[in-house]
1. Identify the residue in region 49-70 that is of a type in the set (Gly, Ala, Ser) and closer than 19 Å to Gly294 by Cα and, among all such residues, is modelled with the lowest pLDDT.
2. Filter region 113-146 down to the residues that are in a strand (DSSP E or B) and surrounded by fewer than 23 Cβ atoms within 10 Å (Cβ to Cβ) and list them by number.
3. Restricting attention to region 436-453, report how many residues are within 21 Å of Glu498 (Cα to Cα) and exposed (fewer than 15 other Cβ atoms within 10 Å of the Cβ).
4. Suppose we filter Ala546, Ala568, Ala538 for residues that are farther than 21 Å from Thr460 by Cα and not aromatic (Phe, Trp, Tyr); which single one remains?
5. Report, by residue number, each residue of region 264-273 that is in contact with a helix residue (DSSP H, G or I) (Cβ under 9 Å, 6 or more places away or on another chain) and under 10 Å from Val179 (Cα atoms).
6. Just checking, which of Ser55, Ser59 is under 30 Å from the mean Cα position of the chain (by Cα) and not assigned by TED's automatic domain parsing to the domain that holds Val353?
7. For the subset of region 414-435 comprising residues that are crowded, with 16+ Cβ neighbours inside 10 Å and polar (S, T, N, Q), which member is nearest to Gly508 (Cα to Cα)?
Amino acid sequence: MRLKGFQKNGSPLNRPLCRSLFSLLVGLAGAALFFASGLSTGLDRGLYDFRASLSAKMSLSAKGGSVDSGPVELVFIDQYSLAWVEENLGFGWPWPRELYGILAEYCSQAKTVAFDILFTETSSFGPEDDLRCARAMDKAGNVVLAEARDRFLTARRSALPVENVRFGSVAAALDEDGVVRRYNPGSLDEPSFGLAVLDADGRREGPPNNAETYLRFLGPSPSLPARNAAEVLSSALSLKRGGEPQINAGYFKDKYLVFGFSAPGLLDRQAVPTDPAMPGAEIHGTFIRNFLDGRLLRPLSWPWELLLVLALGAASAFCASWFRKPSALVSAAGLVLLVPVLTASLFYEAGLVSVPGLELAAASLSFVGGILFSYVAEGRNRAFLKKSFSQYLSPEVIEELSKNPGLLKLGGEERTISVFFSDIEGFTPLSESLSPERLALFMNRYLSILSECILAEGGTLDKYVGDAVMAFWNAPLGQEDHAVRALRAALRCQGALEAAMAEFKAQGFPLPRTRIGIHTGTAIVGNMGSQWRFNYTALGDVVNTASRLEEANKSIGTGLLVSGDTVAQARGSRELSFRRLGALLLQGKSKPVEVWEVRFAAEGGLSENSDTGSAQGSAPKVASEASPVPAWEGVRDCRG
C-alpha cells in the first residue's frame, strides 16, 4: 500500500514544521495588510489608553489615592478665581494683564513661571497694561510664554513688549480621535512649551530634535499638585498692601510653575487617556514632570518591533500546528491574545511603547492559519485513511489513526497480539469447478462474510491471499481483551458462514468449509516495506504458529484450533468455553503446542477438563504428516 499522505515526500501540510512556516507567512502577510489599512491604529490607541489608565490607577492606589508633591505645580485660573477677581477687584474676563505680571513677580523664586496663555493681541485695557505686565515679567527673569503656530508654521508670539522671556509652542499633538497621547518637544531653536520651560532652567539636554514622545499620564485631573490663581494673586496683593500673604512667596522656590485655564468656559481642555477633559496646562506639566522623573515614553524601535512580531507570530503558528488536544489549543489561543497585551504592558512600565495591534494581528492570524492548515491536513488524512483502510480496519481504528497518523510511519514496534489464520478446505478443486467470473463472485461474498465478522470485533485485516485470510488484534490500537476478540471473531465467522450456506447453495456455489487457527504471542507490528510502498502487517513466530494451527485442522478433523497461549489470555471470559485437545508438534517446531477447541458458552458441549490427546499420543504423528503450510506472503519469512 502506498501512503502518500504520510511519507517524507508527501504533502507539506502533513509536517507540523511546514504548517508552522505557512501559518507564519499568512500571519505576517495579514498583519502587514492590517497595519497598512490603518485598522491596527485604533486598536493600538485603545490598548495604550487602557495601559495608561491602569498604570495611573495602580500608582495612585499605591499612594493612597493622593497626588504626590513634586517639582511641578499647576496654578489654575478656575471658576473660583474668576469670581474672586470680579468680586474683590471688580474685573470681569478678560483680566488686566498687569495681574499676570503681579503673579510672575511674586513667584520669581520659582525655577520657571510658565503661562499657558496666549497674549497675541493688545490688551483691551490699553498698551500701558501690556507694558506694566512686560516689565514685571522681565523683572522676574524666569518667565516662559506660550506661542501659537498657524497652519503655515508661522509663530504668533506675544503682543507684550517683553525682552527677558522665552517662548514655547502650545500646539497639541492630537490623534485623529481627538485624544492627546503624544508630545512633540520640538527643538531648542523652536521648542515646545514644555521644552522651553526646561530650557529656561538651563536643562538643554532635552529629547532629540522633534523626537516625538508619549506621555505617561499620572491620573485624572488634577494629577499634579495644583492650586487656584486666586490664592496666589490674593497673597501677592496682600504683600503689596503690607498684609500677611496666604501663601508665602518662598513656597514657590525651585518649583516649575505652570499657569493655565481650568474654568470650563475658557475652553482649554483636551481628552487624554486618563481624563476626557484635562486642562492644557496640565498636559504640559505632565511632560515636564515625566522629563524630570526620567519617565518619558518613547516608541519601540522598528527593528525590535518587527523582531517581536516575528517571535509572537512564530510561537502562535507553532502552537496551532503542533498542539492537537482541544484543551491545549484553547490555552494557546488565550496566550495568543494575552501575551501581546502583557508584553505591551511590560514595555510601558519600562518606558517603551510597542504596537500591540500589529503583534496581536500577527499572532492571531498565524494561530488561525495554523488551525486551518491543520484542519485541512487532518481532513485529507481522514479521507485518505477512510479510502485506504475502510476495507481492512474497523471504523473505530480508523478514527484513532486519524487522530494519531504517526502510527502509520515506516517501522514497527513489539507487541503481544492474537493472530487469526483461515482458509477454505479443498480450495483447489473448488476453484477448478468454477469459471473465473463465478469464482470471483464466490470469493468476494466469502471474504466479505469473514471480513465483517473480523472488523466487528475490532480486528485488523492484514491481507487476503487467494482463499486465505490473516488478521490480528491489539494493533495498531491496544486491546486488553484481544484474545477474546479473536476467538469471538472466529466463532462469528463459523456462524455467519453456516447461515450463508443456503445462499451459496441457491447460487450454485460449493459449500465452503473453513479452517481457522489462532495463536497469541509477541510480534513486530507496523508498516513494513520501503518508503514508497509498504503494508501494515505483523512479523514473528506467532504468525507462523497461527498458520500451522490452521493447517493442523485438516489432520484432526476440526474447524478451529486455538493455542494454549490464546486460551490462557482468554480464560477470564464467561462467554466462552474451552476443551483441551492435546499437544501437537507442529511442522518446523521443536516443542509441542497445546491445542484447544473453543465455543460460545451458551452453546455448551465443551468441558475444559476433557483431554483428547497429548504430546506422546497420536496427535504429534498426525501433525508431522500434515502438508506444509502454503508459503504465501506474510508467513514465508517467519518460518523456522
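The values are calculated or read from the model by the stated rules, or taken from the named source; none is laboratory data. Just so it is clear, the model here is predicted, and its values are computed rather than measured. Neighbour counts run over all protein chains shown; Cβ positions are idealised from the backbone, glycine included.
1. Applying the filter and picking the extreme gives Ser69.
2. none
3. So the count comes out to 6.
4. So the residue among Ala546, Ala568, Ala538 that is farther than 21 Å from Thr460 by Cα and not aromatic (Phe, Trp, Tyr) is Ala568.
5. Gln270, Val272, Pro273
6. After applying the criteria, what remains is Ser55.
7. Looking at the filtered set, the residue picked out is Ser431.
Per-residue answers, yes or no, for (1) surrounded by 23 or more Cβ atoms within 10 Å (Cβ to Cβ); (2) modelled with pLDDT of 75 or more; (3) aromatic (Phe, Trp, Tyr):
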position	(1), (2), (3)
Ala320	yes, no, no
Leu338	no, yes, no
Glu349	no, yes, no
Ser366	yes, yes, no
